[in-house]
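These notes concern the structure reproduced below.
The values are calculated or read from the model by the stated rules, or taken from the named source; none is laboratory data. Worth saying up front: this structure is predicted, and the values here are computed from it rather than measured. A quick note on method: Cβ atoms are made from the backbone with ideal geometry, for glycine too, and the neighbour counts reach across all protein chains shown. Areas reflect the complete protein model, heavy atoms only, side chains present, ligands, DNA and RNA absent. Shrake-Rupley method; radii C 1.70, N 1.55, O 1.52, S 1.80 Å.
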Amino acid sequence: MKNSTHNPKEVTGRQAAQLVKENMVVGLGTGSTTAYAIKELGRRVAEGLKMLGVPTSYQSAFLAAGNGIPLTTLDEHPMLDIDIDGADQVANFVAIKGGGAAHTREKIVARSARKFVVVVDESKMSALLNHTVPLEVIPFARKLVEKEVEELGGTTEVRMGVSKDGPVISDNGNFILDADFGAIHDPASLDIALSQCTGIVEHGIFMNLDVVYIGKKDGTVEIMEM
Ligand code: 5RP
């Protein structure tokens, strides 16, 4: 599909929002690409679309509320019809997420959805994952996690705030450590290994994406389905 605007994040976000149908319960991801999907959903709600959103962060909750999207919770709606979210890098239907420090709630929402749709611009697509992997870490466990990651062959850096002195604090009250493993040839094994580390609440490797919407500079969107 060709679009009049050539902002790849905008075209992919807006196009993915068309997957939402009447009475769906929808996971609302975090980040600048998903923000376009949320705004488009707000526009459709104003036109009469009935839907409920489950936000993955304060950012998406504020944005959704500001755009008139009625919100619900996983307690009230434990199973979602669809989740639309961004990513920092995608290769072979595996994503690295957490650039906005929201990957814990994002993964919970993604796992609660029948369909997980990732929206990215083409710069995020890669043949091989090599982006740093965000780790949400209990502050008390920081030193232990640094050692655990080192044993897995990685190095870590505590993510620092912008417009805030000191570390980033996640929406859940934890630190974010960005772990560098270089090229990740076996994301499935790293997924399991990081999940087994003590002190890591959640990591940013997302396996088994269902659909990827890729916004191109020429205004088209490529859709890849698992
Ligand atoms: C937040 C995320 C974002 O979805 C990811 O960082 C992509 O953001 P953007 O669409 O702004 O590039 O994982 O935790």
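Data for the structure
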| item | result |
| --- | --- |
| Of all accessible heavy-atom area on the range 105-208, the percent that carbon and sulfur account for (1.4 Å) | 53 percent |
| Per residue solvent-accessible surface (Å²) - the chain, probe of 1.4 Å | 46 Å² |
| Long-range Cα-Cα pairs in the range 133-202 (distance over 13 Å), rounded percent | 62 percent |
| Cβ-placed point charges (K, R +1; D, E -1), dipole of the range 133-202 about Cα centre in debye, nearest 20 | 240 debye |
| Estimated dipole of the chain in Debye, rounded to 20 [Cβ of Lys and Arg +1, of Asp and Glu -1, Cα centre] | 660 debye |
| Order of exposure, largest accessible area first, which applies to R111, R43, R105 with probe 1.4 Å | R111, R43, R105 |
| Listed pairs K107/K164; K39/K216; K115/K143; K164/K217 exceeding 28 Å between Cα atoms | K115/K143; K164/K217 |
| Average Cα contact separation per residue, the chain, under 8 Å, 6 or more apart, as relative contact order % | 24 percent |
| Reach of K9 by Cα under 18 Å, taken over aspartates and glutamates that are not fewer than 8 positions away in the same chain | E40, D83, D85, D88, D121, E122, D218, E222 |
| Pairwise label distance in nanometres, D75 with M160, each label 7 Å out on the Cα-Cβ vector | 3.9 nm |
| Rounded to the nearest 10 Å², the accessible area of K124 at probe 1.4 Å | 40 Å² |
| Positive-end residue, the chain charge dipole about Cα centroid, Cβ charges, pick of G204, N67, G27 | N67 |
| Cα-Cα P(r), the range 66-224, percent of pairs per 5 Å interval | 2, 9, 17, 19, 20, 16, 11, 5, 1, 0 |
